[in-house]
Amino acid sequence: MAPISLLLLTIAIQALSASGCYETERNALLAFKADLIDPRNRLASWKSQNCCTWKGVVCSNTTGHILKLNLRNSYDNNDFLYYGKRPSALGGKISPSLLLLNHLGHLDLSLNNFSEIRIPEFFGSLKNLRYLNLSEACFSAMVPPQLGNLSKLHYLDLNSFDCDTNIRVDNFLWLAHMSSLHYLDISSVNMSFATNWLQSINMLPSLKYLDLSTTSLLTIPTSLPFINITTLRVLKISSSRINSTLPRWLWNLTSITHLDLSFNEFHGIIPDELSCLKSLNVLFLGSNNFKGMSPKAFSNLCGLNTLDLGGVGFSGEINKWVERLPNCMQKNLQILYFPYNNLRGNLLGWLEYMTSLTEIDLTANLLNGTIPLGVWRLTNLTRLYLQSNSFEGTITEVQLSHLQRLKWLDLAYNSFNMQISHNWIPPFQLKTLHLASCNLGPKFPTWLQGQTQLEELGLSKNGIVDTLPNWLWNMSRSLTYVHISNNQIKGKLPLTLDHVMLLYLNLSSSQLEGPLPALPQILSVLDLSNNFFVGPILNATLLRLQYLLLSNNSFDGNLPFALCESTSLQVLDISNNKLSGEIPSCLGVSQDQLLVLDMMNNTLSGKIPTSLGELRALSILDLSNNRLSGKIPSSLQYCRQLVNLNLGYNNFSRTIPKWIGESLRVLMVLFLRSNGFSGSIPSQITQLGYLRVLDLSHNNLSGCIPQSIGELSWKKGVPTDHMLFFQYGSFDVSAGTAYLVVKGAAREYSKLLYLVESIDLSCNNLYGEIPNEIGDLQALQYLNLSMNHLTGHIPDQIGMMHALESLDVAMNKLSGTIPQSLATLNFLSSLNVSYNNLSGKIPSGYQLQTLDDPSIYIGNPYLCGPPTMQNCSTNETTIIFGKKSHDRFERLGLYISVVLGFVIGFWIFFGTLLLSRSFRNTYFSAIDRTYDRLYVAVALTLIRLRRRCGEM
């Protein structure tokens, strides 16, 4: 009877399963759906009675219960928006109705966007769960410890890569209860405050896969009392800034096959104990700070097929390092990454014998020589990266034709000479091709037309003198990166590029012309600088645009309000164009990532909008050489990351704000030259300890030079931790650009601007004396105080300014002698003290002997000695200048001598005229004759002029 009952029960269940799912579970899913946000209607099929046919729902074939719920968001790489915003992602809330799915063993919500909520605590009550995947679902807040109740769980993925939410774990005690766990991925989860995390993970005896990458770990225990995770096969702890030696407990993980410790700060020696990991197949140790490697570290790793030692600081001959790899490894090695070291030598005698290699990366070393013929016979190669070395020689299409499996090729920035005919048909389909500086020109390589899978193309600096072909934009649907700058490529861009899936487009320093086309919505980097483009700049909303560089073209018209909607902008450079109108009042309101705003050399007018004060990350603001007016808005004081503030050559007025010195504490360049600023120089400016360039010249400033100017002594150094000095993508953003007048000539300073020390206060109405404290500026290179009303003497302390290269105090009212201490300045190459009231002997010796141009002393009639023509008296008494009491006596003597000379000379002449009749007659007769001659000359001239006018 029992078999019959079992048969009837099975038939009933199958009938139920065929007609639909359990109503309780169906209603639970509908309640779950009701709380979700589904922008692309991915759950449109959740309508019929049979929920087992719904998308993402998997039921048991025998019981009809729901076993799996797979709502993973499938996406294309180009269907992504930054910071976790995905167009087809589910969001909203997660209903507790899922608790009614008592048989649920598999739950996948990965690649969605639940950024408004934390991981639900009730997930810990889904007792039958064996698989839980929440990767890149962008939950926020703390991971709930209730997950530790899932004792049957085998797979847990909490990876939060590409999410802007802060999901974190501070306590890992709950993890120790998940004894069945095989797979654990908590990469990109914040573990910076986590304690005892390793001890808890060590309690998982079945663990085989562990990923702790990008978790903000700063330290790692170097030892453990015992190792319980001996079954571990994969361990990834990359990109976590761990500063430590390699932990000793690693050498007990004898089952491990994949070890990734890259992008940390591990240091010391790669030890012999590494050879204990005999099962190791993949080893990533790149981007650390190792001092070296033990000769026997790899002795037993015959099964290793992937080795990454890139950027670890190794130096010396590359073949010496390769010799430390056992022969068995060299034969089996498939992937060898050794980039970004200081390795010398060539490829001869070792690389061609690694016949199993599929990928080789030797980027950015000191390697030289030609590519051995044997390398071209490594027919399994899919990746060949030799960029940024000193390789040379000719590369032909015959050599490349051997590499039929090639997918990634980067030979850029060497001294290769590519000899490839235009009708060549490559036997491979590349995904990446970088051939910058490989002498491909003068024609654009037409053989690229058949590369239909190409994703990245870099052909800059190749001497290409040709028209940009239209087929470039249609040859590959996968093309996302195009960098063809610094050639002589002509022509126009197509009317539209919105069909191309470009993320990066750099056509700078070419000869392209015409208007801007319609651009792809996914574009992240656009660099069209140094061309001949015309018309308005793009008036389109590009939400992903991070870098927009359009400088040195002929764009005109007003700035479009669409710029305000590019909320991901980090660098906006539209300098050196013909743009006019006002700066949009919305600029900066929603652009909290903007780092550089450069609009110099246009014809912009109006005021600086107060909205720029919203740019809290702004580091460079350059609005120089426009027609802007008004005052500097006080909202800019909230841009506390400003390093370069350049408002020169405009029509700004009012006083220089005190808050510049009080709020902009990392400011290195303050350039307010050629405006209408008035009032005194605020003493708060001297509080800017990082200031390198101070240019307030050509304004209407008055008052005295602040005595606290010596506090600009630059003792704090360069703020190297400032975000400005990191490299963003391919753009190395430095302190900006400024045109400084140095040694009488305008010079452009850009990438090395933060290394210049200059003060220019010339062409103002400053008065008073030069403060003695100016001698404290021992790093100052250029000092210009000319064309003011400064009085007093040149301070002797100026000789303490050991780095001074240029000193200009011309056209003031300075008096006294030129201090002898000037002669001790070894770097002084430009000096101008003309048109003052200086006196005494010009100092000689040392550096001053090289300044032999007499014009630098002109306008000081009481200066004497070389290089002037005025000789000094041999019995001249040496007077020590520099103290005010001595200076007063010297001036009094000078005044008495002048008065006595005038009185004596007057009475000698007048007395002779009064006492001698013959002298009087002769004197007045000469005056009469001179008058008669002048009268006749003037009369004749008038007669001639009248005749000419009559003839006309």
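FYI, it's all coordinate maths here, none of it is from the lab. From a predicted model like this one, the values you see are computed outputs, not experimental measurements. Positions of Cβ are backbone-derived with ideal geometry, glycine not excepted, and every protein chain shown enters the neighbour counts.
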Find the centroid of the Cα atoms in the range 374-391 and in the range 579-593, then give the distance between the two in whole Å. 47 Å
Can you give the direction-averaged projected area of the convex hull of the alpha-carbon atoms in the range 434-521, in nm²? 4.9 nm²
Give the cross-link partners of LYS296 among the aspartates and glutamates, using a straight C-alpha distance below 15 Å as the criterion and excluding same-chain residues fewer than 8 apart. ASP272, GLU273, GLU323
Any idea what the relative contact order of the range 373-474 is, in percent, if you count C-alpha pairs under 8 Å spaced at least 6 apart? 23 percent
Could you give the radius of gyration (one decimal) and Dmax (whole number) of the Cα atoms in the range 103-228, in Å? 13.7, 42
Where a Cα-Cα gap under 12 Å defines reach, which aspartates and glutamates qualify for LYS813, not counting those fewer than 8 residues away within the same chain? GLU769
Can you compute the modelled spin-label distance between ARG72 and LYS296, with each label point 7 Å from Cα toward Cβ, in nm? 4.5 nm
Evaluate E = 1/(1 + (r/R0)^6) for SER653 and ALA141, where r is the Cβ-Cβ distance and R0 equals 41 Å; express this FRET efficiency to the nearest 0.05. 0.20
Distance between modelled label sites at ARG324 and SER873, nm, 7 Å Cα→Cβ extension: 7.9 nm
With just the Cα atoms defining each centre, how far is the range 846-870 from the range 418-492? Give it in Å. 61 Å
Footprinting exposure proxy for ARG544, ARG118 (fewest neighbouring C-beta atoms within 10 Å first): ARG118, ARG544
On the principal axes of its Cα set, how long, how wide and how thick is the range 1-217? Give whole Å, largest value first. 62, 41, 26
The range 793-861: radius of gyration and largest Cα-Cα distance (Dmax), Å: 10.9, 30
Spacing of the two label points (7 Å from each Cα toward its C-beta) at THR394 and ASP592, in nm: 5.9 nm
In vacuo Debye scattering of the range 480-525, one point per C-alpha: log10 I(q)/I(0) at q = 0.22 Å⁻¹? -0.79
What are the equivalent ellipsoid semi-axes of the range 466-611, built from the alpha-carbon gyration tensor (square roots of five times its eigenvalues), in whole angstrom, biggest first? 26, 18, 12
Rg/Rh of the range 564-652 (Cα atoms, Kirkwood Rh), to two decimals, equals 0.92
Straight-line reach from LYS127: which aspartates and glutamates have Cα under 19 Å away, leaving out those fewer than 8 places along the same chain? GLU25, ASP108, ASP157
Between ASN228 and SER680, 0.36 nm times their residue separation minus their Cα-Cα distance comes to what? 155.5 nm
